[in-house]
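Derivation of every value follows stated rules applied to the coordinates shown; laboratory data play no part. Bear in mind that the values here come from a model prediction, so they are computed numbers and not experimental data. A quick note on method: Cβ atoms are made from the backbone with ideal geometry, for glycine too, and the neighbour counts reach across all protein chains shown.
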Amino acid sequence: MVGSLRLSEPIELKDGRRLTSLEDARALMLGLPTRHQFNPHWEDAAELLMKARRRGGLPADIEAFERKLTRALKAEGLV
């Protein structure tokens, strides 16, 4: 299943949550307050997530998503 594709390394959040898959990241992103979802960091991350899922989790796609996700998480103070 595409949604269960693994990140190259787990991402530990400050609140103790751990993101290990594209599905974990998707759930976190969908749970963000609406005002955050329209932040360019999150919009870019969402586009890369969809691309990685659509293309079956090619390593380069997952890596690009992870980089953008990490930047968005840092910008929000979540990591």
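Working from Cα positions, state the angle (0 to 90°, nearest 10) between the long axis of helix 59-75 and the longest principal axis of the chain. Between helix and principal axis, roughly 0 degrees.
Excluding same-chain neighbours fewer than eight residues apart, the lysines reachable from residue 14 by a Cα-Cα span under 16 Å are 74. Taking amide H as placed 1.01 Å from N in the peptide plane, residue 7 has its amide H under 5 Å from the amide H of 21, 22, each at least 5 places away in sequence or on another chain. The separation of region 37-78 from region 12-34, counted between C-alpha centres, amounts to 11 Å. About the centre of its Cα atoms, the chain shows a dipole size close to 80 debye [charges on the beta carbon of Lys, Arg (+1) and Asp, Glu (-1) only; nearest 20 debye].
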